[in-house]
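The block underneath contains the structure these notes are about, expressed in structure tokens.
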Amino acid sequence: MTAPHDFELYGFWRTSATYRVRVALNLKGLEAHERVIDLDKGEQRGDAFLKINPLGAIPALIEPGHLPLTQSLAILEFLDEIHPTPPLLPSDPHGRARVRSIAAMLAADTHPLITPRVRKYLAITAGFDDAAVRAWLVHWFTTGLAAVEERLASEPATGRFCHGDEVTIADICLLSITATMKVLKIEIAGIPTIDRIVATCEAMEAFAKADPLKQVGAPAN
């Protein structure tokens with residue numbers, strides 16, 4: 001059963017950041033009415049949405065009577081605080097720091113380099129052709145995931161998931177990257193620990209329901 005609420009989630013089918021929030025909502029048993037902000041039509045730059053987030057970036061989560069929440073990691077921690085079961089962070093300070101560190105490697109160090117606005121800038125302003133843009137993506141996906149793989153494979157705190165045997169924010173951020181890779185049809189070899197964790201998460205309903213290709217607006221094939 002899902003818990004009642006009045007959340008509105010502004011997002012788009014393929015964005016990594018919106019995916020993170022969808023997964024967290026699913027894990028918490030919460031629902032949100034999703035309002036599509038079509039990035040392909042430039043709706044994120046429209047006056048209506050800029051009043052919600054002046055940066056023109058999604059997601060945004062709105063609860064009536066409160067200011068809009070932006071930035072996916074902040075939203076994840078907010079959801080964890082207002083609905084602490086199941087927890088998305090470990091109970092100990094060192095564990096929480098490790099999870100936040102891995103999450104930042106993915107959401108702050110890797111994701112910003114592969115966003116649509118970066119790809120658009122490379123193509124239009126920097127003059128990259130399609131092959132060069134794809135090479136850029138493969139490079140940064142590989143660089144980011146190789147570093148995360150090294151940590152996950154070598155650190156004893158890694159368990160069934162990125163940290164121990166329960167899903168955390170780190171797993172949500174990891175799957176947001178690999179889900180985007182699937183949308184872009186990019187595969188990377190040599191990351192067996194990540195592959196194992198991803199397969200475990202993808203078998204869970206909370207992640208499966210959040211799959212970008214299952215959302216409104218996603219291509220049929």
Go through Pro86, Pro54 for me and flag whichever is closer than 30 Å to Phe141 by Cα, surrounded by fewer than 16 Cβ atoms within 10 Å (Cβ to Cβ) and in contact with a helix residue (DSSP H, G or I) (Cβ under 8 Å, 6 or more places away or on another chain).
Pro86
Can you say whether Lys28 is touching a residue at least 40 places away in the same chain (Cβ under 8 Å) and farther than 20 Å from Pro116 by Cβ, as far as the supplied structure shows?
yes
Failed item in (1) exposed (fewer than 12 other Cβ atoms within 10 Å of the Cβ); (2) part of a helix (DSSP H, G or I); (3) in the same structural domain as Arg151 (by TED's automatic domain parsing), with Gly127 passing the rest
(2)
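Being assigned to a helix (DSSP H, G or I) and modelled with pLDDT under 95 is the filter; apply it to region 15-40 and report the residue that is farthest from His111 (Cα to Cα). Spell out how you get there, then give the answer.
To start, the set of residues in region 15-40 that are assigned to a helix (DSSP H, G or I) comprises 16-28, 39-40.
Checking the rest, the ones that are also modelled with pLDDT under 95 come to 39-40.
Working: Leu39: 17, Asp40: 19 Å.
Ranking the candidates gives Asp40 first.
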Number of the exception - Leu152 against (1) touching a strand residue (DSSP E or B) at 6+ places or on another chain (Cβ under 8 Å); (2) crowded, with 19+ Cβ neighbours inside 10 Å; (3) touching a residue at least 60 places away in the same chain (Cβ under 8 Å)
(3)
Residues in region 135-148: is at least one surrounded by fewer than 22 Cβ atoms within 10 Å (Cβ to Cβ), free of Cβ contacts under 8 Å to residues at least 60 places away in the same chain, assigned to a loop (DSSP other than H, G, I, E, B) and assigned by TED's automatic domain parsing to the domain that holds Val183?
no
Can you pull out every residue in region 57-79 that is aliphatic (A, V, I, L, M), in a helix (DSSP H, G or I) and closer than 14 Å to Leu25 by Cβ?
Ile75, Leu76, Leu79
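Would you point out which residue out of Pro87, Pro54 is touching a residue at least 40 places away in the same chain (Cβ under 8 Å) and outside any helix (DSSP H, G or I)?
Working: Pro54 fails: touching a residue at least 40 places away in the same chain (Cβ under 8 Å).
One residue alone meets the criteria, Pro87.
Could you tell me whether Ala170 is over 26 Å from Trp136 (Cα atoms), in a helix (DSSP H, G or I), among the aliphatic types (A, V, I, L, M) and in the same structural domain as Leu106 (by TED's automatic domain parsing)?
Working: over 26 Å from Trp136 (Cα atoms): no; in a helix (DSSP H, G or I): yes; among the aliphatic types (A, V, I, L, M): yes; in the same structural domain as Leu106 (by TED's automatic domain parsing): yes.
In short, no.
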Single residue of region 192-216 satisfying the filter (in a loop (DSSP other than H, G, I, E, B) and surrounded by fewer than 13 Cβ atoms within 10 Å (Cβ to Cβ)) that is modelled with the lowest pLDDT:
Val216
Just checking, does region 108-122 include any residue being closer than 22 Å to Asp211 by Cβ, assigned to a loop (DSSP other than H, G, I, E, B) and β-branched (Val, Ile, Thr)?
yes
Here is a list: Ala189, Ala179, Ala153. Which entry is over 25 Å from Asp80 (Cβ atoms) and either touching a Phe, Trp or Tyr at 6+ places or on another chain (Cβ under 7 Å) or not in a helix (DSSP H, G or I) (or both)?
Ala189
Per the list (1) exposed (fewer than 12 other Cβ atoms within 10 Å of the Cβ); (2) closer than 15 Å to Leu9 by Cα, residue check on Lys41 breaks on (2)
Just one of Phe7, Phe12 is of a type in the set (Phe, Trp, Tyr), over 13 Å from the mean Cα position of the chain (by Cα) and within 19 Å of Ala210 (Cα to Cα); which is it?
Phe7
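The values are calculated or read from the model by the stated rules, or taken from the named source; none is laboratory data. Keep in mind that this is a model prediction, so the values were computed, not measured. Cβ sites come from the backbone with ideal geometry, for glycine too, and all protein chains shown count toward neighbours.
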